[in-house]
Amino acid sequence: MSTTHDLVTALKQELKAAHMTYADLARAMGMAESSVKRMLAKGDMSLSRIDAICQALKLDFAELARRVADAQPLLREMTQAQESAVVADKKLLLVAICVLSQWTPEQITTAYRLTEAECVKYLAQLDRIGIIELRPLNRYRLKLSKTFRWRPHGPVMNYFREHALLDYFGGGFDGTGEGLLLVHGSVSRTLAPMFMERLQRVAQDFAQQHQTDQKLAVEDREGYTLVLGMRSWEFEAFGLLRR
């Protein structure tokens, strides 16, 4: 939830953008300029005062609250407790993966055996966990950054290692837009982080394209799962042969 401090900070930004001085605001509100300055400096005011400022700025309060919410820092990683809550219910995990792909509730209930009531229930749970901000008409805002990643040894990754890894890599990777590359080599330890940065940029490009293509019709898009990894590793069977 947005705090009053966040709302006041946003109001100050709106005042600046509107080129409205404290004196202008004081006249519009019928207050002394010193009182307005003191009120905004303390950042402690009632919702009625905030609403009055919004009227002076010709700004809808709901729009202001939405802007404040959109400006909140996005999660790059969840806590252990958040991930544990997600994997505790497989249907909740399903809905979580769907919202990561920006599916609408209608798309989720059309594709999977979930009722509308169930879908809304799980969206509400994701809101409480902190993954989304649930909005009117069951729309939502994703609260995860483009660089979001599951915890490397967290509940979600452990779940996929146990239940999905073999299923994923068991595919042929020979369809349109598919591919699997296995590259082994020895490189400088100082250069290895640079390759990891490049992989992270590829992941960010993929996430950005995903966001951009949401404007396309559903039939013009295809769901893909991109897995990028790099680690110092030797196949166990080979390691057993080492002298």
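Return the residues of the range 145-173 that are more than 17 Å from the chain's Cα centre (by Cα) and of a type in the set (Gly, Ala, Ser); say none if nothing qualifies.
Gly154, Ala164, Gly170, Gly171, Gly172
Given the criterion under 25 Å from the mean Cα position of the chain (by Cα), of a type in the set (S, T, N, Q) and exposed (fewer than 10 other Cβ atoms within 10 Å of the Cβ), identify the matching residue among Thr190, Thr176, Thr212.
Thr212
Return the pair list, or none, for Cβ contacts closer than 6 Å from residues in the range 198-222 that are farther than 15 Å from Thr104 by Cα to residues that are surrounded by 10 or more Cβ atoms within 10 Å (Cβ to Cβ), at least 6 apart or on different chains.
Hits for this filter: Leu199/Leu228; Ala203/Leu228; Gln204/Lys146; Phe206/Leu226; Ala207/Lys146.
Could you list, in sequence order, all residues of the range 125-144 that are closer than 17 Å to Ala81 by Cα and more than 11 Å from the chain's Cα centre (by Cα)?
Scanning the range 125-144 gives Gln125, Leu126, Asp127, Arg128, Ile129.
If we scan the range 220-241, do we find a residue that is of a type in the set (Phe, Trp, Tyr), in a loop (DSSP other than H, G, I, E, B) and over 17 Å from Val99 (Cα atoms)?
Yes; the residues of the range 220-241 include at least one that is of a type in the set (Phe, Trp, Tyr), in a loop (DSSP other than H, G, I, E, B) and over 17 Å from Val99 (Cα atoms).
Do we have any residue at all in the range 110-117 that's over 21 Å from Arg135 (Cβ atoms), out of contact with any Cys (no Cβ under 6 Å at 6 or more places or on another chain), aromatic (Phe, Trp, Tyr) and open to solvent by 50 Å² or more (accessible area, probe 1.4 Å)?
Looking through the range 110-117, at least one residue is over 21 Å from Arg135 (Cβ atoms), out of contact with any Cys (no Cβ under 6 Å at 6 or more places or on another chain), aromatic (Phe, Trp, Tyr) and open to solvent by 50 Å² or more (accessible area, probe 1.4 Å).
Taking Arg139, is it open to solvent by 80 Å² or more (accessible area, probe 1.4 Å) and modelled with pLDDT under 95?
yes
Suppose we keep only residues that are β-branched (Val, Ile, Thr) and modelled with pLDDT of 90 or more within the range 215-232. Which one would you say is most open to solvent (accessible area, probe 1.4 Å)?
Restricting to residues being β-branched (Val, Ile, Thr) and modelled with pLDDT of 90 or more, the top hit is Thr225.
So is Leu165 without any contact (Cβ under 8 Å) to a residue 24 or more places away in the chain, under 25 Å from Val87 (Cβ atoms) and touching a Lys or Arg at 6+ places or on another chain (Cβ under 7 Å) or not?
Answer is no for this residue.
Yes/no matrix, rows are residues, columns are (1) more than 14 Å from Val8 (Cβ to Cβ); (2) of a type in the set (Lys, Arg):
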{"position": "Val36", "(1), (2)": "no, no"}
{"position": "Lys42", "(1), (2)": "no, yes"}
{"position": "Val95", "(1), (2)": "yes, no"}
{"position": "Thr109", "(1), (2)": "yes, no"}
{"position": "Asp127", "(1), (2)": "yes, no"}
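Filter the range 23-54 down to the residues that are more than 36 Å from the chain's Cα centre (by Cα) and of a type in the set (Ser, Thr, Tyr) and list them by number.
Ser34, Ser35
The values are calculated or read from the model by the stated rules, or taken from the named source; none is laboratory data. From a predicted model like this one, the values you see are computed outputs, not experimental measurements. Reconstructed Cβ throughout: ideal geometry from the backbone, glycine too, with neighbour counts over all protein chains shown. To get the accessible areas, we keep the full protein, side chains included, count just its heavy atoms, and leave off ligands, DNA and RNA. Shrake-Rupley method; radii C 1.70, N 1.55, O 1.52, S 1.80 Å.
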